[in-house]
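These notes are about the structure you will find just below.
The values are calculated or read from the model by the stated rules, or taken from the named source; none is laboratory data. This structure is a prediction, so every number in the text was calculated from the model and none was measured. Note that each Cβ is placed from the backbone with ideal geometry, even for glycine, and that neighbours are counted across all protein chains shown.
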Amino acid sequence: MTLKPCCKKDKVFNRPHEGRSLCRDHFMESFEKTVKRTIRKNELFDSGDKIAVALSGGKDSSVVLYLLKKILGERRDIEIAALSIDEGISGYRDPTIQDAKDLCEELDVEHIIVSFQEEFGETLDEIKKSGAPLGMCTYCGVFRRYLMNREARKWGATKLAVGHNLDDEVQSAMMNYINGDVGRLRRSGAKTNNPSGGKFVPRIKPLFDCPEREVGLYAILRGFEVRFDECPNFGGSFRSRVREFINDMELESPGTKYSILRGFEKIQPLLDENKEKLDEGEVVDCEICAEPSSDGLCKACELAQKLGII
Ligand code: SF4
């Protein structure tokens with residue numbers, strides 16, 4: 001396919017689904033425009049917001065923090081802080097936590113760091129060594145989401161900005177279709193529709209419309225440290241298989257990811273209109289930690305109890 005160049009400068013990126021190739025400046029401009037459009041279209045921010053950015057130190061969350069500072073930094077009615085969770089995955093998380101610290105210092109942003117070790121008395125590596133029966137991503141995901149929400153709320157956050165990009169969203173939508181989890185499908189999107197209960201900090205996703213490759217290139221061109229090593233626990237999971245399948249489809253038919261996402265955006269309002277029929281259940285306080293749960297015991301306490309760490 002012949003792509004139309006944006007101008008006479010050297011090209012850094014091809015967008016086959018748009019039939020265009022872009023130089024550095026046009027790529028950066030168009031990427032930032034996409035993020036601003038996502039913010040506007042989904043009304044991600046309100047006056048008086050306190051935004052906690054979930055910062056792993058990886059490319060996605062670093063780009064979110066950088067762009068929110070760039071776009072909202074001058075507004076006196078909006079406050080931004082970063083929140084990092086150190087799961088304790090040696091050789092993988094340590095360097096990204098350091099990158100997160102460096103970025104916060106450079107951008108002059110308050111940085112809160114919480115670790116599995118402090119909170120649960122064990123790192124993820126130690127949980128793995130203890131012969132825990134489930135996949136590490138289950139413990140990691142549940143404990144991380146739990147701490148993120150709790151710490152963001154403690155800081156007074158009105159929104160939790162996460163680095164989920166278009167690829168992540170398409171994978172999640174497909175996983176929810178496959179699992180038949182219509183409730184979760186309804187609650188996802190650029191602005192999370194939380195189940196009722198004031199203890200959940202609403203999540204927002206400024207990179208919702210940005211493909212992973214574009215986020216990576218933007219991070220590199222902005223001069224961020226981009227690490228390509230994957231977590232040692234990654235692979236073989238349901239998500240990684242769905243990711244592989246969608247990437248193959250995208251290669252065969254460019255634009256597949258966008259069409260899955262646009263389809264999901266058409267379905268979501270219909271689900272919202274019928275949410276009382278979806279039987280999503282009540283949100284109640286966990287009897288152990290008082291964090292939100294669906295049946296009196298939150299997922300984090302349930303897993304921690306089974307591991308014998310609480
Ligand atoms: Fe955690 Fe799994 Fe991601 Fe590793 S791959 S950081 S264990 S969720």
query: Out of all the residues in segment 134-149, is one or more within 15 Å of the ligand (Cβ to nearest atom), under 18 Å from the mean Cα position of the chain (by Cα), small (Gly, Ala, Ser) and closer than 19 Å to residue 200 by Cα?
result: yes
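List the helices (runs of 4 or more DSSP H) that sit entirely inside segment 109-199 and contain at least 2 residues that are among the aromatic types (Phe, Trp, Tyr) and without any contact (Cβ under 8 Å) to a residue 24 or more places away in the chain. Quick ask: steps written out before the conclusion?
Values: elements: 116-120, 124-129, 136-155, 166-179, 182-187.
Once the helices (runs of 4 or more DSSP H) in segment 109-199 are filtered for at least 2 residues that are among the aromatic types (Phe, Trp, Tyr) and without any contact (Cβ under 8 Å) to a residue 24 or more places away in the chain, nothing remains.
Quick one: is residue 84 among the hydroxyl-bearing types (Ser, Thr, Tyr) and either within 12 Å of the ligand (Cβ to nearest atom) or within 14 Å of the chain's Cα centre (by Cα) (or both)?
Here the answer is yes, as residue 84 does meet what is asked.
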- prompt: If you go through segment 206-232, how many residues are more than 18 Å from the chain's Cα centre (by Cα) and within 16 Å of the ligand (Cβ to nearest atom)?
  reply: 2
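Sort through 128, 159 and tell me the only one that's basic (Lys, Arg) and more than 18 Å from the chain's Cα centre (by Cα). I'd like the intermediate steps shown before the answer.
Details: 159 fails: more than 18 Å from the chain's Cα centre (by Cα).
One residue alone meets the criteria, 128.
Quick one: would you say residue 203 is at negative phi and more than 13 Å from the chain's Cα centre (by Cα)?
On the way: at negative phi: yes; more than 13 Å from the chain's Cα centre (by Cα): no.
For residue 203, the condition - at negative phi and more than 13 Å from the chain's Cα centre (by Cα) - is not met.
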field: Filtered residues of segment 19-42 (kept if under 17 Å from residue 215 (Cα atoms) and not hydrophobic (A, V, I, L, M, F, W, C))
entry: 21, 24, 25, 26, 29, 30, 32, 33, 34, 36, 37, 38
task: For residue 159, state whether it is away from the ligand (no atom under 14 Å from the Cβ), modelled with pLDDT of 95 or more and among the basic types (Lys, Arg).
output: yes
- prompt: What number of residues in segment 46-70 are in contact with a Leu (Cβ under 7 Å, 6 or more places away or on another chain), hydrophobic (A, V, I, L, M, F, W, C) and either in a loop (DSSP other than H, G, I, E, B) or more than 22 Å from residue 95 (Cα to Cα) (or both)?
  reply: 2
- request: Can you tell me which residue among 217, 303, 271 is modelled with pLDDT under 95 and part of a helix (DSSP H, G or I)?
  value: 271
